[in-house]
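Encoded as structure tokens, the structure appears first; notes follow it.
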């Protein structure tokens, strides 16, 4: 089809931030990549983007747009998403508060698989119990934390033999 661009999957490490991005101000072309990431976290809500990617996954209908410059792929659209992806891979990339936030976020999304394997049913039960504990038994808020409807949460609670907390 004429005028269409093919979507290509590329490693995050192979993509470069655009130092001429208008969000970064006039002096941005002199900034190192680490400084660009820091700026996007400090001033342009890149942490919120990282948190969304970590909790909901990367939304493939909004691809990064890159242009080849001197044998490098420079992202011309989606620099906050790229900064978020880079920081998820390397939480120490932004300094200060964003670094601490990224470390917490990465720990939250990190799951180790034990040597003997893992029971998905058991993991589901643990996640439901943790969500209910975090929300003091509020099923609506627990369901939102888990990314499911309240009705689905109730069904899964019943399936696992979990009972709602009784009013004290």
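What follows draws every value from the coordinates through simple rules; no lab data is involved. From a predicted model like this one, the values you see are computed outputs, not experimental measurements. Neighbour counts are summed over all protein chains in view; Cβ atoms, including those assigned to glycine, are modelled from backbone coordinates with ideal geometry.
The alpha-carbon atoms of the stretch 120-159 define a convex hull whose volume equals 54 cubic angstrom per residue. Fewest neighbouring Cβ atoms within 10 Å first, the residues 128, 148 line up as 148, 128. Taking a temperature of 4 °C and a viscosity of 1.567 mPa s, what whole-number D in µm²/s does Stokes-Einstein yield for the stretch 12-109 with Rh from Kirkwood over alpha carbon pairs? The estimated diffusion coefficient comes to 96 µm²/s. Across the chain, C-alpha contacts under 8 Å between residues 6 or more apart give a mean separation that, scaled by the residue count, equals a relative contact order of 17 percent. Based on Cα contacts under 8 Å between residues 6+ apart, the stretch 12-109 shows a relative contact order of 33 percent.
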